[in-house]
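First the structure, in the form of structure tokens, and then the observations on it.
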Amino acid sequence: MRWKSPSCCMSTRIRFPPKSRNSIRGVKALLHRGSSPGKPPLLSPDQEAEVKRMIEHSTPAEEGHGCESSWDTRILKHVLDENPLLR
């Protein structure tokens, strides 16, 4: 495939090769959820479902975590650290 911009330096051409006609673009690219090359998830699908249920259907006070009326990351971290079933 021939490069369209000859004024581009070689390192830029290597880092940003031309897009293929089959690549996903625009909003579809943002919504596409392929596999991530990062580390594996910390929670299993069952554990994730349990945390989601807890967040959607109860408050931290109802779960016995202070008098807070809404969930935040600080409370979730505390819940995950103290509950052996969610580790």
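Listing for the model above:
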| item | result |
| --- | --- |
| Entirely in the range 10-87, the helices (runs of 4 or more DSSP H) that have 2 or more residues that are modelled with pLDDT of 90 or more and not hydrophobic (A, V, I, L, M, F, W, C) | 45-57, 73-82 |
| Pairs with Cβ under 7 Å, 6+ apart, first in the range 56-67 and closer than 14 Å to Asn83 by Cβ and surrounded by 12 or more Cβ atoms within 10 Å (Cβ to Cβ), second at pLDDT 90 or above and of a type in the set (Val, Ile, Thr) | Pro60/Ile75; His65/Ile75 |
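The values are calculated or read from the model by the stated rules, or taken from the named source; none is laboratory data. Bear in mind that the values here come from a model prediction, so they are computed numbers and not experimental data. Note that we place each Cβ from the backbone using ideal geometry, even for glycine, and neighbour counts take in every protein chain shown.
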